[in-house]
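Trainee: Below: one structure in structure tokens.
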Amino acid sequence: MVKSRGIKLNVFDSAGSVQNVYAVYKTSGVQLGIVQVGCAAFISKIQTDAALTKVAGKTRMVFPLYNEEVHLLGSRDSGLR
């Protein structure tokens, strides 16, 4: 479906939510990451760590998947708006 619309999509394995958050935040070309709600909540609530506060300020939930909340993260630098 995405190919027919001219969208290039690459899917990569990861070690999980923490790696996905880091990839979206720091890795060039990574536009979205799937993150479990517990990880997202942890990052958004920790205010004693400047790096996590910065990451939390730049992440947004796109939409939940399944009954267990999972979040997709996007980078502003990705061109997605």
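Trainee: Quick one: net charge of Val24's neighbours, Cβ under 12 Å, K/R +1, D/E -1?
Mentor: Overall, the nearby charge balance is +3.
Trainee: Then there is this: If you average the sequence gap of Cα pairs under 8 Å that are 6 or more apart and divide by the length of the chain, what percent do you get for the contact order?
Mentor: Relative contact order, the chain: 29 percent.
Trainee: Now for a separate question. Most exposed first by the Cβ proxy, i.e. fewest other Cβ within 10 Å, how do Leu52, Leu65 rank?
Mentor: Leu65, Leu52
Trainee: For the chain, what is the calculated [θ] at 222 nm in deg cm²/dmol (nearest 500), taking -39500 (n - 2.57) for each run of four or more DSSP H residues and dividing by its residue count? Provide the component values of the computation, followed by the final result.
Mentor: Numbers: 3 runs with 27 residues, N = 81.
For the chain, the value works out to -9500 deg cm²/dmol.
Trainee: Also, quick follow-up: What residues qualify as long-range amide H neighbours of Gln36, i.e. H under 5 Å apart, gap of 5 or more or another chain, H built at 1.01 Å from N?
Mentor: Here Ser17, His71 satisfy the definition.
Trainee: How large is the convex hull of the Cα atoms of the range 13-76 per residue, expressed in Å³ as a whole number?
Mentor: Taking the convex hull of the Cα positions in the range 13-76, it is 82 Å³ per residue.
Only the coordinates and a few stated rules stand behind these numbers; no lab work does. Fair warning: this is a prediction, and the values are worked out from it, not measured in the lab. A quick note on method: Cβ atoms are made from the backbone with ideal geometry, for glycine too, and the neighbour counts reach across all protein chains shown.
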